[in-house]
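All remarks here apply to the structure that follows.
The values are calculated or read from the model by the stated rules, or taken from the named source; none is laboratory data. Keep in mind that what you see is a predicted model, and the values were worked out from it rather than measured. Virtual Cβ from ideal backbone geometry, glycine too; neighbours counted across all protein chains shown. SASA here: full protein model, heavy atoms, side chains in, ligands and nucleic acids out. Shrake-Rupley method; radii C 1.70, N 1.55, O 1.52, S 1.80 Å.
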Amino acid sequence: GLGQSWIGDLLFLAATAFLAVYMVATKVWNITAGQMLFGVTVVNAALYVPAWALFLDSNISVAPLNEILLQAVYQGLMPSFVGMYFMLLAVRHLGANRAAVFVSMVPVLAALLAVPTLGEIPSSVAWSGMVLVTLGALLALGLFRSRTSPLTAGETPKTG
């Protein structure tokens, strides 16, 4: 039900805000791949691992090494390094505005992937939202602009 879903909504908005700050900061500070690797993985691990070891239940001591390594790659390396590195490159090549347009498609793609993998069928409101987000992204990318412009390159509009 919707009783506690607002908590997830707030967490998603918080995650979105942090990603927005990251996207702009990578452009402003001209972050290198090495700095990004250190900042995203090492600093996060230094903050999280002690809290996890001291305060959270864990079965890591009985987990097989192959599962630990799989999770380290799947949850650690892939999203935090590979995903953020691609984001860094996208912001550098496209700019924060255009990269943000592509990021806006993440919830749409996640909802679409949830249909075959999780059996979750979006509601009609969710489908409508996905269509609106997709149309907005296409509009923001300029895919609905006219190919021909009344002005040629270098020409200025004539006034009165």
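In the elastic network of the chain, a GNM with C-alpha springs shorter than 10 Å, the most mobile of LEU94, LEU69, LEU141 is LEU69. Per residue, the average separation of C-alpha pairs within less than 8 Å and at least 6 apart gives the range 1-94 a relative contact order of 53 percent.
Annotation: MET84 carries an accessible surface of approximately 40 Å², with a 1.4 Å probe and no ligand, DNA or RNA atoms counted. If I model a spin label at TRP6 and ALA72 as a point 7 Å from the Cα along the Cα→Cβ vector, what separation in nanometres do I get? For the pair TRP6/ALA72, the computed spacing is 4.2 nm.
Pairs of Cα atoms nearer than 8 Å and 6+ residues apart set the relative contact order; for the chain it is 24 percent. Across the accessible surface of the range 29-93, with the other protein chains kept in place and a 1.4 Å probe, carbon and sulfur atoms take up 71 percent.
The mean accessible area for residues of the chain, using a 1.4 Å probe and ignoring ligands and nucleic acids, is 77 Å² per residue. Of the listed residues ILE31, ILE60, the order by accessible area with a 1.4 Å probe, largest first, is ILE60, ILE31.
Sorted from longest to shortest, the spans of the Cα atoms of the range 57-117 along the three principal axes equal 46, 30, 20 Å. Can you tell me which of VAL108, VAL82, VAL125 moves the most in a GNM of the chain? Springs connect C-alpha atoms under 10 Å apart. Comparing VAL108, VAL82, VAL125 in the GNM, the peak value goes to VAL125.
Accessible area per residue (1.4 Å probe, heavy atoms of protein chains only) ranks TYR22, TYR48 as TYR48, TYR22, with the largest value leading. Largest GNM mean-square fluctuation among SER128, SER58, SER80, using the chain with Cα springs under 10 Å: SER58. Here is what passes the span test in the chain: the DSSP H helices with alpha carbon length of 27 Å or more along the helix axis and a Kyte-Doolittle mean of -0.5 or above are 5-29.
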